[in-house]
Amino acid sequence: MAGEPQADCLFCKIVEGKIPATVVRETATTLAFRDINPQAPTHVLVIPKAHYPDAASLAAAEPLVAADVLTEAALVAADEGLSERGHRLVFNTGAGAGQVVFHAHAHVIGGRGLQWPPG
Ligand code: AMP
Ligand code: ZN
C-alpha cells in the first residue's frame, strides 16, 4: 500500500532504527539525518517517514507531509546557521537525475560556495 514501509528500502530501515544514522531533527512525519557521503560542510537529508519513491509521488499522495519536509528542511538550514548565508534544497528525481535511493528525500546542502547551474 502507498506509504507503507518497504523491506528493501534503506531509508525505511533508518526510520525503523534497523540501520544507524546521525539524526539531527525528528517529527511525527519526518526524519532528518546527516548524509553518509557529504558533499558540503552541511549535507543533511530530510525524508518523510512514510515510503514514497520520490518527491512527486509524495506530494501527490500526502501534500501535508511534503510540506512538513520543506518546513523541516528550513529548520535544518536554520540550525546549521545557513538561513542568511544561503543553502540549496535538492530533490533528485529519477535515475537520470542521479537519484539512487528511491525513498523521497530532500538534500539540504550548504556551508561552502555553491555553483549555479549545478552539474
Ligand atoms: P540521491 O542520489 O538523491 O538518491 O541521494 C541519496 C543519498 O543518500 C546520497 O547522497 C548518499 O550519500 C546518501 N546515503 C546513502 N546511504 C546512506 C546512509 N546509510 N546514511 C545516510 N545517507 C546515506
Ligand atoms: Zn522507504
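Selection of region 69-111 for residues being open to solvent by less than 10 Å² (accessible area, probe 1.4 Å), in contact (Cβ under 8 Å) with a residue 60 or more places away in the chain and within 16 Å of ligand 2 (Cβ to nearest atom) yields His103, Ala106.
So that you can scan it fast, the table gives a plain yes or no per residue for (1) assigned to a loop (DSSP other than H, G, I, E, B); (2) in contact with a Phe, Trp or Tyr (Cβ under 8 Å, 6 or more places away or on another chain); (3) hydrophobic (A, V, I, L, M, F, W, C):
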position: Met1; (1), (2), (3): yes, no, yes
position: Cys12; (1), (2), (3): no, no, yes
position: Lys18; (1), (2), (3): yes, no, no
position: Ala40; (1), (2), (3): yes, no, yes
position: Pro53; (1), (2), (3): yes, yes, no
position: Ala73; (1), (2), (3): no, no, yes
position: Val108; (1), (2), (3): no, no, yes
position: Gln115; (1), (2), (3): yes, no, no
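Please find, among Ala61, Ala21, the residue that is open to solvent by 40 Å² or more (accessible area, probe 1.4 Å), closer than 14 Å to His103 by Cβ, small (Gly, Ala, Ser) and within 13 Å of ligand 1 (Cβ to nearest atom).
Of Ala61, Ala21, the one residue that is open to solvent by 40 Å² or more (accessible area, probe 1.4 Å), closer than 14 Å to His103 by Cβ, small (Gly, Ala, Ser) and within 13 Å of ligand 1 (Cβ to nearest atom) is Ala21.
Within region 7-18, being open to solvent by 30 Å² or more (accessible area, probe 1.4 Å) and either farther than 15 Å from His105 by Cα or within 11 Å of ligand 1 (Cβ to nearest atom) (or both) holds for Ala7, Asp8, Leu10, Lys13, Glu16, Gly17, Lys18. Note on region 24-55: residues that are more than 10 Å from ligand 1 (Cβ to nearest atom) and open to solvent by 60 Å² or more (accessible area, probe 1.4 Å) amount to 4.
The values are calculated or read from the model by the stated rules, or taken from the named source; none is laboratory data. Remember, predicted model here, so these are calculated numbers, not experimental data. Note that we place each Cβ from the backbone using ideal geometry, even for glycine, and neighbour counts take in every protein chain shown. Heads up: the accessible areas ignore ligands, DNA and RNA and are worked out on the full protein's heavy atoms, side chains in. Shrake-Rupley method; radii C 1.70, N 1.55, O 1.52, S 1.80 Å.
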